[in-house]
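Have a look at the structure below before the remarks.
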Amino acid sequence: MAKELSLSTDKKIYSVDELKNAGFSHYKINQMVDEGLLIKLTKKYYENISYSGEESDFFYVPAYAPKGIICLMSAAAYYNLTTYRTDAVDVAIQRKSKISTMPDWPQIDVFYFPDDRFKTGISTIHEGKNEFKIYDIEKTVVDIVFYRERVGIEETKEILTNYLQRKDRNLNRLIRYAELLKCSDVMKTYLEVLV
């Protein structure tokens, strides 16, 4: 007798490859979409309706931007550096990359980063069987300072102030990133004012 295949209730988004590796055929995947067990998000990704864990808009990012990294205000909110909540998820992709399908929800704001900025300070977060990539806290602060005109000067100040109050801050890494990403002069000016 064939073993009944079922989706994990603690994984929100599945890729086609993950479903196939778990033993689901294309026919079975399409059948599950018809039955309302899966929602097709893109050509390669599906949302699992039986998911029962904590919800996060970040789980959707790999489906729409497989190489995307959560950045700027979304990352700042994740690290509790700001009280400001954005309507969209800020996602960095490499400058020459493209995103073929954009969701109605969650709204994704795309930032095209040059290679050095894109590749620096990436962390992978695992929440149960879900994962997403996000810039580490120091890289987030450096990006906020670099994009301060777009983010807003008040928000930038709030984020830097909150960062400096943290016990787990790493000022050496912050300065190193700032030098690497060509905003060390601005960063030093901010630090002199705030410290």
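The values are calculated or read from the model by the stated rules, or taken from the named source; none is laboratory data. Computed from a predicted structure; not experimentally measured. In this analysis, Cβ positions are derived from the backbone assuming ideal geometry, glycine residues included, and neighbour counts consider all displayed protein chains.
Before moving on, here are some points about what is shown:
- Selection status of LYS119, at pLDDT 95 or above, in contact with a strand residue (DSSP E or B) (Cβ under 9 Å, 6 or more places away or on another chain) and surrounded by 15 or more Cβ atoms within 10 Å (Cβ to Cβ): no
- Among the criteria (1) surrounded by fewer than 21 Cβ atoms within 10 Å (Cβ to Cβ); (2) closer than 30 Å to LEU19 by Cα; (3) modelled with pLDDT of 95 or more, the one SER100 does not fulfil is (3).
- Selection of first residues in region 163-181 that are in the same structural domain as ASP136 (by TED's automatic domain parsing) and of second residues that are hydrophobic (A, V, I, L, M, F, W, C) and exposed (fewer than 15 other Cβ atoms within 10 Å of the Cβ), restricted to Cβ pairs under 7 Å at least 6 apart or on distinct chains, gives the following pairs, ordered by first then second residue: LEU164/LEU194; LEU164/VAL195.
- The listed residue being more than 30 Å from LEU180 (Cα to Cα) and without any contact (Cβ under 8 Å) to a residue 60 or more places away in the chain, out of ILE29, ILE93, ILE108: ILE29
- Residue check, LYS157 charged (D, E, K, R), more than 18 Å from ILE93 (Cβ to Cβ) and in a loop (DSSP other than H, G, I, E, B): no
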